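The values are calculated or read from the model by the stated rules, or taken from the named source; none is laboratory data. Values in this document were obtained by computation on a predicted structure and should not be read as measured data. Cβ sites come from the backbone with ideal geometry, for glycine too, and all protein chains shown count toward neighbours. Just the protein is used for accessible areas: all its heavy atoms, side chains included, with ligands, DNA and RNA removed. Shrake-Rupley method; radii C 1.70, N 1.55, O 1.52, S 1.80 Å.
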Amino acid sequence: LFAGNPLLDPERSGTGEAGLDWTPGARTRVGLSLFRTRVKDLIVFTGELFNAANVERADIDGAELEFETGFGALSLHGNLNWLDARNRDSGDALLRRAPRKAALSADWSFGNGAIAGIDFSAVAARPDAGNVRLGGYGLVDLRASLPLAAGWRVEARLENLGDRDYELVSGYNTPGRSG
């Protein structure tokens, strides 16, 4: 599997991005970014042996809306992403690129420098090799940190709290709940 290709050309790309940030308060920021990437000779894996091959031209367009704010000891950060990634010649969606993603993080800061946080993420369904459609998924992670001494902290994470089964690549497992 994943056979090489001596005729493979290197990828070349150019990206343009424009963004706006609005800061209505000391702890609040909202940002919007739009981007466009044009790729020549995008490297992909195709066929039964997953041979490396070039997609002559690919377009990747998207937008990201981001915000952060805080109320006392609580800090919030979130983002929404929209993506349209296509083979320009065939019009097919590029593999494993979700058209929508969302994330939200909340942190609580304690007076002693300790921090507890929770992260939520959601990823939409997306295509994979062999006409497979990878399902969308959502994850919840917990984290905490505690200062020990100047420059030292102990940190702990509990990832995939709900022990969710999901795939980033068809046929490859991802970790269940882990710490």
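Extension gain, Leu65-Asp165: 0.36 nm per intervening residue step, less the Cα-Cα distance, totals 33.2 nm. On full extension, the segment bounded by Asn112 and Asp92 gains 1.9 nm, given 0.36 nm per residue less the C-alpha separation. Panel note: the C-alpha atoms of region 34-90, placed on their principal axes, show extents of 54, 25, 14 Å (largest first).
Taken over the alpha carbons of region 1-99 as equal point scatterers, the Debye sum produces base-10 log I(q)/I(0) values at 0.10, 0.13 Å⁻¹ of -0.43, -0.62. Surface exposure of the chain, expressed per residue as accessible area with a 1.4 Å probe, stands at 64 Å². Between Ser145 and Glu56, the FRET efficiency estimated from the beta carbon spacing at R0 = 45 angstrom works out to 0.40. Normalised by residue count, the chain yields a Cα convex hull volume of 166 Å³ per residue. Nearest 0.05, what FRET efficiency do Arg133 and Arg177 give at R0 = 30 Å with Cβ-Cβ as r? Calculated value: 0.75. For region 127-179, pairs of C-alpha atoms spaced more than 13 angstrom apart make up 67 percent of the total.
Overall, the accessible surface of the chain at a probe of 1.4 angstrom is composed of carbon and sulfur to the extent of 57 percent.
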